[in-house]
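Okay, structure first, notes after.
The values are calculated or read from the model by the stated rules, or taken from the named source; none is laboratory data. Given the structure is predicted, the values throughout are model-derived calculations rather than measurements. Every residue, glycine as well, gets a Cβ built from its backbone with ideal geometry; the counts of neighbours run over all protein chains shown. To get the accessible areas, we keep the full protein, side chains included, count just its heavy atoms, and leave off ligands, DNA and RNA. Shrake-Rupley method; radii C 1.70, N 1.55, O 1.52, S 1.80 Å.
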Amino acid sequence: MSPAIVRTVTPRETEIIGWMAAGKTAAEIGTILGISPITVNTHISNAKVRLGVFKDTALVAAALRNGIIR
């Protein structure tokens, strides 16, 4: 992967990825965190860019591989 890809995510992105790993939808995560599903999807999109992936499952897998979530 390109060295320009950032390998870290923000604390909020980490929190959202954790909920994704637990099987929650953007709407459910939004309700849990008190934010809109659109905001949740924005965080997910930003995290995908930071980790260099394109799919939700790849995001969760990359976060697990990189120790971002357990």
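Normalised by the number of residues in the chain, the average gap of Cα pairs under 8 Å and 6 or more apart makes the relative contact order 38 percent.
If you count only protein heavy atoms with a 1.4 Å probe, what accessible area per residue comes out for the chain, rounded to a whole Å²?
Details: 4320 Å² over 70 residues.
Ligands and nucleic acids excluded, the figure is 62 Å² per residue.
The helix-only estimate of mean residue ellipticity at 222 nm for the chain, built from DSSP H runs of length n ≥ 4 each weighted as -39500 (n - 2.57), is -19000 deg cm²/dmol after division by the residue total.
The equivalent ellipsoid of the chain has semi-axes of 20, 12, 10 Å, largest first, where each one is the square root of 5 times an eigenvalue of the Cα gyration tensor. Once the Cα atoms are used to define both axes, helix 56-65 deviates from the longest principal axis of the chain by about 60 degrees. Here the dipole of the chain is about 220 debye; that uses its Cα centre as origin and unit charges on the Cβ of Lys and Arg (positive) and Asp and Glu (negative).
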